[in-house]
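Only the coordinates and a few stated rules stand behind these numbers; no lab work does. None of the values given here were measured: they were computed from a predicted structure. Positions of Cβ are generated from backbone atoms using ideal geometry, with glycine treated the same way; all protein chains shown enter the neighbour counts.
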Amino acid sequence: MDVNEIIKMVEKSLPDETLFSEVLKDIVKDELKDYLKTVLDKNPSIKKQIKDAIRKYTDAKMQEIAATTEFSKAFISLIIASMPEEMKRELMEDFISIFQREITKTVEKTL
């Protein structure tokens, strides 16, 4: 084995600069987090503002999910209402069949 091959093998085994870059970012992020926690501990009013904002944001997201669910339910109701009676009957039979299978599986597991 010649020296160039050995050097190439060693270079391949070393981590690339991406790894060092990611580690450096993590270190900076951890230091920044520690610093901001210290600042927040010294300023309870700011800490409360952030907690309140997070709560409001979470509540708003939950309301968005609820509204999307209501919209979906209304849209499905509209689709079903616009179906011909025969299609509605087939759809209901399919739903009932699916639920019956699931209920049967659940009952069998519990016995």
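Here is how the numbers come out for the structure above:
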| read-out | value |
| --- | --- |
| Under 30 Å from the Cα of Lys73 - lysines, other chains or at least 8 residues apart | Lys56, Lys61, Lys88, Lys105 |
| Ser45 paired with Phe99, simple spin-label distance in nm, labels 7 Å along Cα-to-beta-carbon | 5.6 |
| Helix-only [θ]222 nm of the chain, DSSP H runs n ≥ 4, -39500 (n - 2.57) each, per residue, nearest 500 | -32500 deg cm²/dmol |
| Per-pair calculated FRET efficiency, R0 = 35 Å: Glu11 and Asp34 via Cβ, rounded to 0.05 | 0.45 |
| Between 0 and 90°, nearest 10: helix 44-81 axis offset from the chain longest Cα axis | 40 |
| Angle in degrees between helix 85-110 and the longest Cα principal axis of the chain, rounded to the nearest 10 | 60 |
| Neighbourhood net charge (12 Å Cβ-Cβ; Lys/Arg +1, Asp/Glu -1) for Ile54 | +4 |
